[in-house]
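Student: My questions all concern the structure below.
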Amino acid sequence: MRRICYCLAIAAVMLVCVPFAAAQASFDLNLGFGSARAGSNGGGIDEATFGQCIPSPATPTCLANPSLKGVFMGFGGDLMLYKHVGVGAEVAFKPALSDYGPLKYRQTFYDINGIVAPVNEKRVQLQVQGGIGAAKTGFTINQSFCVGTAICQSVSQSAGSATHFQVHAGVGLQLFVTEHIFIRPQFDLHYVPNFTDQFGRNSVPSAMIWVGYSFGDRS
């Protein structure tokens, strides 16, 4: 729910900015798909007690913590206040839940950035981004129960979350296939202090392919 509210807030602010963008600058809305990577921290969770443990042949109920990987989806937007300087915001998250020992998890990265575009021509724009935000790892637990032998049901409920401050840097090459529609391959680095509580390192590289629409006159 918080992720949906965050996306709606970004969209509302950016839609308010569209008239200004059309008259003064360029304004982009985009949708992206990609992935982020970080190894396991080597720990585990006991599937019986949900306590911390170290996976080994001697602890068969200790399920190892996973690596961070898989498909990410993103929403974002940029407002170029001047030809070579602007601001933007992005949210990238795993659309599907993944296993985290006996739990399920979903990873989300939020960031607000300053943007420098050293190259900004009609058909191509090079973006260098830097900013701050948050990294949230949300956990859920699935429980099954039966009433006699007639009705069985599975229920998912929140098991808490871990949220950390993050510093974000990225570089993307925005290629315009029409006057307003673009594709932007982008490489990012998220530095998340204490992210080793959940995964194997604090530095998380990621890559996204953004597809978007640019409002305003870019000539």
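Student: Inside segment 157-199, can you point out the residues that are of a type in the set (Gly, Ala, Ser) and either over 16 Å from Lys136 (Cα atoms) or out of contact with any Leu (no Cβ under 7 Å at 6 or more places or on another chain) (or both)?
Tutor: Those that are of a type in the set (Gly, Ala, Ser) and either over 16 Å from Lys136 (Cα atoms) or out of contact with any Leu (no Cβ under 7 Å at 6 or more places or on another chain) (or both): Ser158, Gly160, Ser161, Ala162, Ala169, Gly170, Gly172.
Student: I've got another one for you. Mind listing whichever residues of segment 163-190 are assigned to a strand (DSSP E or B), over 25 Å from Gly133 (Cα atoms) and β-branched (Val, Ile, Thr)?
Tutor: Scanning segment 163-190 gives a single hit, Ile181.
Student: Suppose we filter Gln166, Gln174, Gln157, Gln186 for residues that are among the polar types (S, T, N, Q) and at pLDDT below 95; which single one remains?
Tutor: Gln157
Student: Of all residues in segment 49-98 being in a strand (DSSP E or B) and among the polar types (S, T, N, Q), which is surrounded by the fewest Cβ atoms within 10 Å (Cβ to Cβ)?
Tutor: Looking at the filtered set, the residue picked out is Gln52.
Student: Against the condition at pLDDT below 95, more than 22 Å from Gly160 (Cα to Cα) and among the polar types (S, T, N, Q), how does Ser26 come out, does it pass?
Tutor: It is true that Ser26 is at pLDDT below 95, more than 22 Å from Gly160 (Cα to Cα) and among the polar types (S, T, N, Q).
Student: Working only within segment 113-125, note down all residues that are surrounded by fewer than 16 Cβ atoms within 10 Å (Cβ to Cβ) and assigned to a strand (DSSP E or B).
Tutor: Across segment 113-125, the qualifying residues are Gly114, Val116, Pro118, Val119, Val124.
The values are calculated or read from the model by the stated rules, or taken from the named source; none is laboratory data. As the structure is a computational prediction, the values presented were derived from the model and not from experiment. With ideal geometry, Cβ positions are generated from the backbone for all residues, glycine too; neighbour counts draw on all protein chains shown.
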